[in-house]
Amino acid sequence: MPVACAGDLRVTAVLILGGTGEGRRLADQCVGLSGISVVSSLAGRVRSPKVPQGEVRIGGFGGETGFRDWVIGHGIDAVVDATHPFASVMTGTAAKVTGELGIPFVVLRRPGWAEQPGDRWHWVDSVAAAAEALGDETAFLTTGREELKAFAHLPNRFVVRSVDPPEPPMPSNLYTVLDRGPFTVEGERRLMREHAIEVLVTKDSGGDMTSAKLQAARELRLPVIMVRRPPLPDVETVDSVAAAVRWLGTVAG
Ligand code: NAP
């Protein structure tokens, strides 16, 4: 149900950098508004992406120059970065280019996960550091298939979950579960038990879609190696789809 982004519009063409549930929900809320066009952009990493309503473009822009040309060429006058919290290259590019062009820009970032009583989290700064922090445990890796190369040299037994099959370089002792969230605590507990998981390795993605594994690890008293988010550039941020819609209302009104 839309939305506060109508009104006396100054902004007429919004680019949503997506690849997340939030990006999809935001696009779904903004399509069909009179006087405003919305284009969602996906990187094209997933073979069958969940596509938002409205216009969608897929694939990289070609770095800063390509992004600038695309934004100017398509008359974009506001950008919402709803990419994943670890998509720091895209966010950096969008922040820089929109700043140079003087285009309203906001980053929509869901809050990170918070440790709870009973958790045994070990925070690290990067996926490479997560690989270094591992001993010889059987590890459940949910850092995404693009990150497997960081673990490729390790002899550990790994269980990896990803939407599409992983590709080399990747660890040799690997069991792959092809699945996409949301996941249940019961399912996560079963998976961890079945595979005799000893440690969970994950990124601080935040959100409800994939948080069941943290509850399961808590219940099974498993340690978690948690990769900290990369820092955000100094830009305006909001933490929910509703807040992004309100932001669009302020720049449009
Ligand atoms: P990244 O490292 O920040 O970006 C690498 C390159 O991918 C960018 O320079 C850009 O290519 C292209 N790109 C990224 N997001 C794009 C978008 N929304 N539209 C068009 N091009 C995009 O990003 P990433 O971590 O590889 O993530 C790629 C996509 O997957 C993002 O859309 C993100 O939301 C989603 N995702 C990422 C993760 C994760 O853990 N990183 C998890 C779930 C979903 P050009 O330089 O050619 O423009």
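The strands (runs of 3 or more DSSP E) found wholly in segment 151-221 and carrying at least 3 residues that are without any contact (Cβ under 8 Å) to a residue 60 or more places away in the chain occupy 158-162, 174-178. If you check residue 43 against the conditions, is it more than 11 Å from the ligand (Cβ to nearest atom), touching a residue at least 40 places away in the same chain (Cβ under 8 Å) and either surrounded by 14 or more Cβ atoms within 10 Å (Cβ to Cβ) or farther than 22 Å from residue 148 by Cβ (or both)? No; evaluated as a whole, the condition is false for this residue. Looking only at residues of segment 77-87 that are closer than 11 Å to residue 18 by Cα, among the hydrophobic types (A, V, I, L, M, F, W, C) and within 10 Å of the ligand (Cβ to nearest atom), we find that the one that is surrounded by the most Cβ atoms within 10 Å (Cβ to Cβ) is 82.
Matching residues to (1) at pLDDT 95 or above; (2) more than 23 Å from residue 111 (Cβ to Cβ); (3) within 11 Å of the ligand (Cβ to nearest atom):
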site: 17; (1), (2), (3): yes, no, yes
site: 24; (1), (2), (3): yes, no, yes
site: 37; (1), (2), (3): no, yes, no
site: 47; (1), (2), (3): no, yes, no
site: 56; (1), (2), (3): yes, yes, yes
site: 61; (1), (2), (3): yes, yes, yes
site: 65; (1), (2), (3): yes, yes, yes
site: 72; (1), (2), (3): yes, yes, no
site: 75; (1), (2), (3): yes, yes, no
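Among the residues of segment 176-209, those identified as exposed (fewer than 14 other Cβ atoms within 10 Å of the Cβ) and more than 20 Å from the chain's Cα centre (by Cα) are 186, 190, 193, 194, 196.
Identification of strands (runs of 3 or more DSSP E) wholly contained in segment 98-149 with 3 or more residues that are at pLDDT 95 or above and under 27 Å from residue 194 (Cα atoms) yields 121-124, 139-141. When 64, 22, 100 are checked against the criterion of being touching a helix residue (DSSP H, G or I) at 6+ places or on another chain (Cβ under 6 Å), in contact (Cβ under 8 Å) with a residue 12 or more places away in the chain, among the charged types (D, E, K, R) and surrounded by fewer than 17 Cβ atoms within 10 Å (Cβ to Cβ), 64 stands alone in meeting it. Check segment 224-241 and report whether any residue there is under 20 Å from residue 187 (Cβ atoms) and touching a strand residue (DSSP E or B) at 6+ places or on another chain (Cβ under 8 Å). Yes, there is a match, as at least one residue in segment 224-241 is under 20 Å from residue 187 (Cβ atoms) and touching a strand residue (DSSP E or B) at 6+ places or on another chain (Cβ under 8 Å).
The values are calculated or read from the model by the stated rules, or taken from the named source; none is laboratory data. Just so it is clear, the model here is predicted, and its values are computed rather than measured. Positions of Cβ are generated from backbone atoms using ideal geometry, with glycine treated the same way; all protein chains shown enter the neighbour counts.
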